[in-house]
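Structure first, then comments.
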Amino acid sequence: MKKLCALAAFAFIGYICHYDIKYGTIPTATEAVQVSKAQPAETKAASSSSTYTKIKIKPGDTVLSIIEELTKKSIPVSMNQMITDFKKLNNGTPPEDIQIGKTYKFPIYK
């Protein structure tokens, strides 16, 4: 019985390792996240009280990380307000639907 339990445990650990390497959290060389600095392309007035900048998305970028980098301090608005502003500037595109290589408008907070 002990041998059967040891064999089952070994098979289970093998399956977990296989799954983690093939589908899980261990990145492969082609999927390695590249940390990049957001380069503001252009700044314009979105309305009388707010401005925005256009930034091309690179691997690993998120709306939150880009806005934090633009403000260089804590963000002075709530997450809901930031999401609303991002959607307004980008024709209703939700922050979770941004795509690598595309350019989006990001609000600049002062």
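Among the residues of segment 62-83, those that are open to solvent by less than 40 Å² (accessible area, probe 1.4 Å) and under 15 Å from the mean Cα position of the chain (by Cα) comprise 63, 66, 67, 82. Could you go through segment 85-98 and let me know if any residue there is touching a residue at least 40 places away in the same chain (Cβ under 8 Å), open to solvent by 40 Å² or more (accessible area, probe 1.4 Å), in a loop (DSSP other than H, G, I, E, B) and closer than 16 Å to residue 57 by Cα. No; the residues of segment 85-98 include none that is touching a residue at least 40 places away in the same chain (Cβ under 8 Å), open to solvent by 40 Å² or more (accessible area, probe 1.4 Å), in a loop (DSSP other than H, G, I, E, B) and closer than 16 Å to residue 57 by Cα.
The values are calculated or read from the model by the stated rules, or taken from the named source; none is laboratory data. In this text the structure is predicted, and so the values were computed from the model without any measurement. Positions of Cβ are generated from backbone atoms using ideal geometry, with glycine treated the same way; all protein chains shown enter the neighbour counts. With ligands, DNA and RNA removed, areas are computed over all heavy atoms of the protein, side chains included. Shrake-Rupley method; radii C 1.70, N 1.55, O 1.52, S 1.80 Å.
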